[in-house]
Amino acid sequence: MELAYYSDYAVRLVNSEDPARGKDSLTSVEAVRDLFGAHASAARRATDADVTRLRSVRARLRAVFEAADTGDETLAVALLNSLLLEFPVSPQISGHDHRDEDGRPLWHLHLADHPSNATAGYAAIAAMGLAFHLTEYGVDRLGLCEAPPCRNAYLDTSTNRSRRYCSDRCATRANVAAYRARKRLAADRSVKTGLAADSAQSTSASGER
């Protein structure tokens, strides 16, 4: 499993909450386990206490994205470093069951499960994955959706660093809203132009009398 894959853990956790709409899907042990996805062994250690603990980690990860989104690279790195210090990773070389054409293991770096609790394991994976993405691609590749009221986190993997929305749905919604705003502005200008023309004609007619 490549380190780049782990960065999605941070995005997944941050986006379990929608502050603008007052929604939070991280409300049960089952929700905690769902966050782990294929990491079933770590998910089995989840307890009710992990709901509260993961919410705290979530707030700190969102702060990283918020700092990056405003261009404060130093703060984003400092916040992420604090998570890395508190939740250290345990890297291992793994081949799992994957082999090449000659039957040799396809070795890769894997982050081992944290032994203490589910939150510690998840936080270590999420922080390390996000750190890898940040150092490999740049702080400006961490963003928050620009389609109000959505503020979901995303990782920009576009070739020209142009991503602004968390999903195609939000991009479409934002484009439609922008189009409607332009139409309203054009209509307002047309009305004002018409009123100005009427006023000019009225003034001219008054002068002729």
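The values are calculated or read from the model by the stated rules, or taken from the named source; none is laboratory data. The model shown is predicted, which means the values in this text are computed figures rather than measured ones. Note: ideal-geometry Cβ built from the backbone for every residue, glycine included; neighbour counts use all protein chains shown.
Observations
Every residue, every condition in (1) more than 26 Å from Asp50 (Cα to Cα); (2) small (Gly, Ala, Ser), yes or no:
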site: Thr119; (1), (2): no, no
site: Ala124; (1), (2): no, yes
site: Gly129; (1), (2): no, yes
site: Gly138; (1), (2): yes, yes
site: Leu142; (1), (2): no, no
site: Asn160; (1), (2): yes, no
site: Cys170; (1), (2): yes, no
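- All conditions but one from (1) over 22 Å from Arg58 (Cβ atoms); (2) at pLDDT 90 or above apply to Ala126; the one that does not is (1).
- Tabulated pairs, the stretch 152-176, first closer than 20 Å to Gly129 by Cα, second of a type in the set (Phe, Trp, Tyr) and surrounded by 12 or more Cβ atoms within 10 Å (Cβ to Cβ), C-beta under 7 angstrom, 6+ apart or interchain: Ala153/Phe65; Arg163/Tyr154; Cys166/Tyr154
- Residue within the stretch 4-25 that is free of Cβ contacts under 8 Å to residues at least 60 places away in the same chain, among the hydrophobic types (A, V, I, L, M, F, W, C) and in contact with a Leu (Cβ under 7 Å, 6 or more places away or on another chain) present: no
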